[in-house]
Structure formats: structure tokens, C-alpha cells
1. Right, A:E45: surrounded by 13 or more Cβ atoms within 10 Å (Cβ to Cβ) and free of Cβ contacts under 8 Å to residues at least 24 places away in the same chain or not?
2. Based on this model, can you work out whether A:R94 counts as basic (K, R) and closer than 27 Å to A:K20 by Cβ?
3. Name the single residue, out of those in the range B:33-61 being over 25 Å from B:F14 (Cβ atoms) and not acidic (D, E), that is nearest to the other protein chains (Cβ to nearest Cβ).
4. Restricting the range B:64-74 to residues that are more than 9 Å from chain A (Cβ to nearest Cβ) and of a type outside the set (G, A, S), which is farthest from B:I35 (Cα to Cα)?
5. In this structure, is B:A48 more than 26 Å from A:A65 (Cβ to Cβ) and of a type outside the set (V, I, T)?
6. Within the bounds of the range A:81-90, is there any residue that is more than 11 Å from every other protein chain (Cβ to nearest Cβ), open to solvent by 20 Å² or more (accessible area, probe 1.4 Å), charged (D, E, K, R) and on the phi < 0 side of the Ramachandran plot?
7. I'd like the full set of residues that are in contact with a strand residue (DSSP E or B) (Cβ under 9 Å, 6 or more places away or on another chain) and either at pLDDT 90 or above or within 9 Å of another protein chain (Cβ to nearest Cβ) (or both), limited to the range A:16-39.
8. Within the range B:107-119, does at least one residue satisfy the condition of being at pLDDT 95 or above, of a type in the set (K, R), open to solvent by 40 Å² or more (accessible area, probe 1.4 Å) and not in a loop (DSSP other than H, G, I, E, B)?
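The values are calculated or read from the model by the stated rules, or taken from the named source; none is laboratory data. This structure is a prediction, so every number in the text was calculated from the model and none was measured. Cβ atoms come from the backbone with ideal geometry, glycine included; neighbour counts cover every protein chain shown. The protein model used for the area step is the full one, side chains on, heavy atoms only, and it has no ligands, DNA or RNA in it. Shrake-Rupley method; radii C 1.70, N 1.55, O 1.52, S 1.80 Å.
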Amino acid sequence: MNPGGRTSFTTIVVPDGLSKSEHRRAARMGPRAVTSTRPINVLMEAAGFEAIEVDDVTQDFIDTAEAWFKAFATRAVELRPLLGNEFDYRQRARQEMITAAGRGWLRRLLVNGTTPSS
Amino acid sequence: MTTSKDEQATRADFAERYRARASIDLVGEVEREVIGEAWGSNGFTTVAQADDLRRRLDLGAGTRLLDVGSGCGWPGLYLARETGCEVVVTDLPAEGLVVASRRAQHEKLRSWGGVAASARLLPFADNSFDALVHVDVIC
């Protein structure tokens, strides 16, 4: 990154404060890469970013996942033959993520930061 | 390039999805309904959220953007189209980058590149980019 560079990204994390079994279940129910156990602001600072801002956008995540689930369910008759096993895989994954996020086991964060100016 | 077993599994999984998706217009129709545009995305970032990222990154002509784990080009190519910034999209499955290449040509993007690379081992020199984006790739 150039000096004064900017990053803005979303990431899905397992929040602090869960029991070990809840953490394991959350990691299974989330996207494949949900594995980090360190807070995102700590990771950002370690990577050299400053002016770090973290916003919780979990509800947006739930809304979009529900929209995907409903849109696929509405067109199941057409989509299932086209996608085969992939159809049920995606729907099951969405349902699990919606459930996990609703229980507070997954959070989606919008992370912003800048690199030092010089 | 060495990749972990998890990356290899992810790569195979997504490569299959990109191959299957390429000819399925109906999935694109659903994506437009859910996300707002069809970019071969199966994720959770809508056009409205991508526009928010665009504002936060202050993108424009002369800005060089890196999109990590871009899949078929979302949201990096979209952000380049909307702002005129230069963009490099990266991901491991080459199938996704092939789709991204076709889309970049369709969108008549002049300053873009696609690189097959792991997010853990990006092949770029320091000070190569002004902005970095990814959506739910690195968790």
C-alpha cells in the first residue's frame, strides 16, 4: 500500500465471549475462512494500519442472506435441476449462517483503515 | 506456489461453481434481484454496500485499487467501472478470473488486471496500490 492508502472491507467473524463449543459450532456454520480468534482491530494495527474504524453490519448480512434464501426457494423448481447438489448446499449454508448470526455467533464487520502518510 | 489444504479445497469448490454458473442466466437474474447487479457473486455485498465502499475508499481516475478474492470480479471491476480507477483483481481459481476477464472486456475497462494468487502470498511490490478492498474473503 502507498503511504496514505486506504482500505475498506467486510469480514465475518466469531465474536469474543462464546464458549469453546459455541465457537466451534459458529466456525462450522460460518464461511470456510472464519478461523481467526484475534480481534480485527488488533490484526489491523499489527498490519500497520491507523485510523481504524470497525462498524457492525451484521443485520445487513442477515438481510442479504435471507434475500438469497427466499429468492432461491421461490425458484427452487427451476434452479434445483440446473444446480444439482449445489442448490441444497447453498441453501443449507445460508440457513446456517442466518441462524448463527441471529444467535450472535457470527458478526459481519465493516473495517476501515489507512496506512501512515509517510 | 504452495497453498494450504483449505485453500486447495476452496479453490476446487469455487472453480466448480464458476464453471456451472457461466451458462446459467437464471442465477444471474436471482443475483440482480438480491444484489442489484449480476457479477457471478454468491456473497452478501449488495450494490448499495459496494457504493459505500467506493465512497470510503475515495476511488477515482488515477487511483490504483487491489481487490483480494474477487472471484468473477465483484466488486473490483464494478468499482473500476463506476469510478474510472485502475484495478487489479486476484483470486485462486483461474475459472473466476476468466469470467472476470470477459466481463472487463464487456464493460470496456481499460485499466484492469487479473492475477491468480493467494491472499496469503500476494505477488506485489510495496507501494503498489492506493486502496485495498475485499468482501468477506479474509475472516
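1. Criteria met by A:E45.
2. yes
3. B:R56
4. B:L65
5. no
6. The answer is yes, given that some residue of the range A:81-90 is more than 11 Å from every other protein chain (Cβ to nearest Cβ), open to solvent by 20 Å² or more (accessible area, probe 1.4 Å), charged (D, E, K, R) and on the phi < 0 side of the Ramachandran plot.
7. A:G30, A:P31, A:A33, A:V34, A:S36
8. Scanning the range B:107-119 turns up no residue that is at pLDDT 95 or above, of a type in the set (K, R), open to solvent by 40 Å² or more (accessible area, probe 1.4 Å) and not in a loop (DSSP other than H, G, I, E, B).
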